[in-house]
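The numbers here are math on the coordinates, done by the rules we state, and not lab data. The structure presented is a predicted model; accordingly, all values stated were derived computationally and were not measured. Glycine also receives a Cβ, built like all others from the backbone with ideal geometry; neighbour counts cover every protein chain displayed.
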Amino acid sequence: MGRILDQRGRLLGRINIIDLLLIVIIAAGVLAVAQHRLGWGDQAAALKRQPIEVVLVVEAVREPTVNVIQPGDEVLDSRTNTYLGTVTNVEVEPASIVYQGSDGRFYETTSPSRMDIWVTVRGPAAVSANLIELGHTEIRIGVQVPLKTYIYAVSARVMYVNLSPET
């Protein structure tokens, strides 16, 4: 063992064995994080790339926001700045307001100043048996997705996912 480790604990007389172990641990940690973030490994092999359509609702916004969201907008996830897809359809309807009356019961009416925007986004997704990922954003009904372009940033809720959109 005298040839591999010298009297100062250095490997082949050059590298301290403790330093080498630290380098290996740090490299393993970096690789584990990269595998998780980039989807390497078995899970990535099971993913199938395909176009999907996602219908999102942007709730209770004012008219300036309604006016800027247009078909053809290329939207990004504002958390990760990754491309999600292209807006293919925009529908606007008055927002619903729920309020409690003086009798203690709840009532629903439409807002005179707020609108709900239904936005359809078409983009390339990774799809597996238990995951739909648009960009690096996991898509599930009910999930909040922060959308942005160079003009606007809104928070939208996934309402519908179409895995087989017509071309």
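Hey, what do the phi angles of the stretch 82-93 turn into as Karplus ³J(HN,Hα) couplings, whole Hz, using 6.51/-1.76/1.60 and θ = phi - 60°, x for Gly and Pro?
For the stretch 82-93, the Karplus-derived couplings read 9, 5, 9, x, 10, 5, 9, 8, 9, 10, 10, 9 Hz, x marking Gly and Pro.
Ranked highest first by average number of other Cβ atoms within 10 Å, how do 100-112, 139-151, 76-88 line up?
Descending packing order for the listed peptides: 76-88, 139-151, 100-112.
What order do you get for ASP116, ASP19 when you list them from fewest to most C-beta neighbours inside 10 Å?
ASP19, ASP116
So what's Rg/Rh here for the chain, counting alpha carbon atoms and using the Kirkwood radius for Rh?
Result: Rg/Rh = 1.28.
Using Cα pairs closer than 8 Å and at least 6 residues apart in sequence, work out the relative contact order for the chain, in percent.
Relative contact order comes out at 26 percent.
Based solely on its DSSP helices, what 222 nm [θ] is calculated for the chain when runs of n ≥ 4 H residues each add -39,500 (n - 2.57) and the sum is averaged over all residues, nearest 500 deg cm²/dmol?
-6000 deg cm²/dmol
So what's the angle, to the nearest 10 degrees on a 0 to 90 scale, between helix 17-38 and the longest Cα principal axis of the chain?
20
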